[in-house]
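Everything on this sheet refers to the single structure shown next.
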Amino acid sequence: MDEVTRGARALVLCPDIRTVRYDLDARERLEEAEGLALAIGVIIGHSEILPIRQMQPNTLFGSGQVENISALCELHECELVIVDGALSPIQQRNLEETLKRKVIDRTGLILEIFGERAATAEGRLQVELAHLDYQQSRLVRSWTHLERQRGGFGFLGGPGETQIEADRRMIRQRMGRLRRELEQVRKTRALHRERRGRAPWPVIALVGYTNAGKSTLFNRLTGAEVMAEDLLFATLDPTMRAISLPGVEKAILSDTVGFISDLPTQLVAAFRATLEEVTGADIICHVRDMANPAHAAQKKQVMDVLADLEVVDRETGLSDIPIMEIWNKADLLSPERENELREAAQNHDAVLLSAVSGAGIDEFTAKVADILTQKAEELTVTLSASDGRRLAWLHAHGDVLADEDAGEGEDGPLRKLTVRLNPKELGQYDSLEV
C-alpha cells in the first residue's frame, strides 16, 4: 500500500441511497467501513452517513453534499476520503479534483487490504490480477502523462498510440500472464485435492464472515499461530493443519478467507481458486459472530458466496456437503442472551462456543466427529499376527474397537479386529495388496 493511505487521516462516508436495497442498515455498514479503514492503518478523523435521494452521474453526491464533504475534510484535517460504495472512474476523478484529496471507494479499499495481507505467491498473484482489473477502467484519471503520443513503429508510421492506450495494452498483457499463472495454480490445487481425496483423512473447512473468529478457532484447535486479530481480513491465504478428533485419528482443518458484503467482483473471480478448497471439504463449519447485531445478514452473505461456488443450492439452501453452524463469541454475550442461544443452538443443530476462552470446544469436536463417522461401517477381520502391514494400516486409519487373540492359523497366531471405517477408508482397505 502506498504511503499516502497508511497513517492518513480519513473521512469515511457511507452513502445511503434511497433506491438501493441493502442487507445491512446504514449504521452497520458505516461501522464495517470504519473497520475496513482501520484494517489498513488509517486514522479515522470523522465518519458520517450521507442519505442520497438520487445518484448524480458525475459525483454520486449532490453539489451541496460535495461542498459539505469539503468542509468536513477541512474541519477534521482529513487528507483521504473513503466512500463505502462503488464509484465510477468519472465520479472518482471529479471528486478528487473538487476535494483536492485522494478518494477511494469500497472496492479500492478492500484491494488495498488484500494487497497488504497476501502472504503467499498465489495470494499476491490473485491480488495483482484483481488490482489490474480494477485499475484498467480507471485510466481516465487526470494524470497528464497518459495523454502523450507515442511515435509509430515500422513502416506504418502515423501519429502512434497515446500513452493511455499503451498503458491499457500493457495492463491487458500483464493480466493475461497472471491468468495463465493462476490457471496453473488451480491445476496444482486440484491435484492436491485429488491427492487428499485418495488419503483417508477428512477435510474440515472453516468459513464465515470476516472477523467472525475463524482463525482464533483454528488456532485453538491446532495450536498454530495464524494471524488472528480484531481486524477485518486478518487472514487471506488458506492455512491447513492436521488435528485429531474423538474416533477420528487425523483430520485436516482448513482456515479460509473471510467473506464480506459487496465483495468486489474482481476479487470474487481472483480468489475463486482459494475458495475452491471449500468444494473439496467433507464438512463445512460456518463460524458466526453471534455478538454482532448483523449476524443474520452476515449469514446470508456467506450462503450467497457458497451458492456462487455451487456448494449450496441457491433455491433450496441445501448442500451435498454437511454444513454445521458454529455460534462463536459466547464470551461477549450477556448471561441471558447466552442461555437463550444455547437453547436455540440445540434446535438448530449448532454449537455455541467461545474460541477465545475455549468454552464449548469439546462439544464442537464431538459433534464434528459424529458427522464424520456417521457413515462409518464396522468391519470384523481375522488376520495373521504376522500380517503387520494390514494390522498397522487398520490401527493407523480406522477406529479399532476391539483387538483380540483368535487362536492359531496355518501361518501362526491370529488376531481378530473390529474396526470402524468410513466408506473412503473401507475402499482403500479393500484395495490393499495381499
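The values are calculated or read from the model by the stated rules, or taken from the named source; none is laboratory data. Quantities reported herein were computed from a predicted structural model and do not represent experimental measurements. Please note: Cβ atoms are built from the backbone with ideal geometry, for glycine as well, and neighbour counts cover all protein chains shown. All accessible areas refer to the heavy atoms of the entire protein, side chains included, with ligands and DNA or RNA removed. Shrake-Rupley method; radii C 1.70, N 1.55, O 1.52, S 1.80 Å.
Of note:
- The stretch 17-80 - Rg and Dmax from Cα coordinates, angstrom: 13.0, 33
- Calculated FRET value between ALA392 and ILE43, using beta carbons and R₀ = 60 Å, to 0.05: 0.50
- Here the simple spin-label model places points 7 Å from the Cα toward Cβ, and for ARG342 and GLU408 these points are separated by 6.0 nm.
- FRET efficiency for the pair ARG241 and ARG9, taken as 1/(1 + (r/R0)^6) with r the Cβ-Cβ distance and R0 = 30 Å, rounds to 0.15.
- Taking a point 7 Å out from the Cα of GLU377 in the direction of its Cβ, the residues of the stretch 406-421 whose backbone N falls within less than 11 Å of it are 421.
- With every protein chain in place, the stretch 298-373: carbon and sulfur % of accessible area (1.4 Å): 46 percent
- The modelled label-to-label distance for the pair GLU363/ASP23, using points 7 Å beyond Cα in the direction of Cβ, is 2.7 nm.
- Stretch gain in nm, segment GLU74-GLN184, where the contour uses 0.36 nm per residue and the Cα spacing is subtracted: 34.7 nm
- A Förster radius of 30 Å combined with the Cβ-Cβ distance from GLU97 to MET170 puts the calculated FRET efficiency at roughly 0.70.
- A DSSP coil position with no more than 15 other Cβ atoms inside 10 Å describes the following GluC sites (Glu not before Pro) in the stretch 367-434: GLU410, GLU433.
- Remark: the SER384-ARG138 segment gains 81.3 nm on full extension, using 0.36 nm per residue and subtracting the alpha carbon distance.
- Between ARG124 and GLU249, the simple label model (points 7 Å from Cα in the Cβ direction) yields a spacing of 3.9 nm.
- Compactness check for the stretch 69-111: Cα Rg over 2.2 N^0.38 Å is 1.10.
- Averaged per residue, the stretch 24-114 has 42 square angstrom of accessible surface, using a 1.4 angstrom probe with ligands and nucleic acids left out.
- Working ranking of peptides 129-137, 314-322, 368-376, 350-358 by packing, defined as the average number of other Cβ atoms within 10 Å per residue, highest first, is 350-358, 129-137, 368-376, 314-322.
- On a per residue basis, the stretch 385-434 carries 59 Å² of accessible surface, using protein heavy atoms and a 1.4 Å probe.
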